[in-house]
Amino acid sequence: MSTALRGEFRLALEVPGWAWRFYLRHFLPIVGLSLVASVQRLMVVNWAEQIPTAAVVASEILVLGARLLLFVVLWQLAMRNTAWHWDNLSEFARLHWPSLLIQGALLSVAFLVFDLLAENVVAGLLAEETRSTYLAVLLFVKNPTVIAFTFVWWVGLARQMLRTAPEKTPA
């Protein structure tokens with residue numbers, strides 16, 4: 001593997017490493033805001049027939065609001081004391097597109113495992129009477145873990161791209 005490609009792998013792996021440390025450092029607000037969606041999914045998936053449609057819609061709006069608030073909180077925590085400029089986005093993308101592709105591939109693998117495999121394949125193997133409970137519990141757990149961590153990763157990627165001008169990777 002060339003030095004340049006190793007540098008791009010290192011650069012790509014900086015973000016999930018940063019995201020993990022950030023997630024642990026800010027565990028309580030991240031999980032706290034994510035539990036809004038967890039509780040909503042647990043209730044709606046398990047007792048969909050008993051909940052009025054208006055309540056389901058209102059709860060979805062509440063989840064959307066909680067996720068937007070989570071993003072704002074993550075952004076503010078991640079960007080404080082960080083010099084960043086919108087102009088750096090295009091320069092970073094031009095210089096480090098392989099790093100962006102690597103991160104995209106890593107996020108795609110996570111999506112395949114935690115969404116398609118866990119929600120669709122495994123759920124499809126279960127008996128009909130246990131499927132909704134499995135999905136409810138899975139979504140309850142995924143919201144403060146997988147989904148929240150993905151939000152942190154996205155913010156970390158934006159942080160990496162927006163920070164002061166990126167250095168060129170050695171050829």
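The values are calculated or read from the model by the stated rules, or taken from the named source; none is laboratory data. Everything numeric in this text was worked out from a predicted model, so none of it was measured. Glycine also receives a Cβ, built like all others from the backbone with ideal geometry; neighbour counts cover every protein chain displayed. Remember, those area values only see protein heavy atoms, side chains included, never the ligands or the DNA or RNA. Shrake-Rupley method; radii C 1.70, N 1.55, O 1.52, S 1.80 Å.
Some observations on this one:
- A DSSP coil position with no more than 16 other Cβ atoms inside 10 Å describes the following chymotrypsin sites (Phe, Trp or Tyr not before Pro) in segment 23-56: 47.
- Projected label distance in nm at residue 53 and residue 91, using a 7 Å step from Cα toward the beta-carbon: 5.3
- q = 0.25, 0.31 Å⁻¹: log10 I(q)/I(0) that the Debye formula gives for segment 25-73, counting C-alpha atoms only: -0.87, -1.11
- Share of pairwise Cα-Cα distances greater than 25 Å in the chain is 44 percent (whole percent).
- DSSP-loop chymotrypsin sites (Phe, Trp or Tyr not before Pro) across segment 78-138, with at most 13 other Cβ within 10 angstrom: 86
- Hz values of 3J(HN,Hα) by residue in segment 3-11 - Karplus curve (6.51, -1.76, 1.60), Gly and Pro given as x: 4, 5, 5, 4, x, 5, 4, 4, 4
- Largest to smallest in accessible area, the residues 57, 155 fall in the order 57, 155 (1.4 Å probe, all protein chains included).
- Förster radius 41 Å - calculated FRET efficiency between residue 3 and residue 72 (Cβ-Cβ, nearest 0.05): 0.60
- The stretch between residue 60 and residue 115, if pulled fully straight at 0.36 nm per residue, gains 17.9 nm over its current Cα-Cα span.
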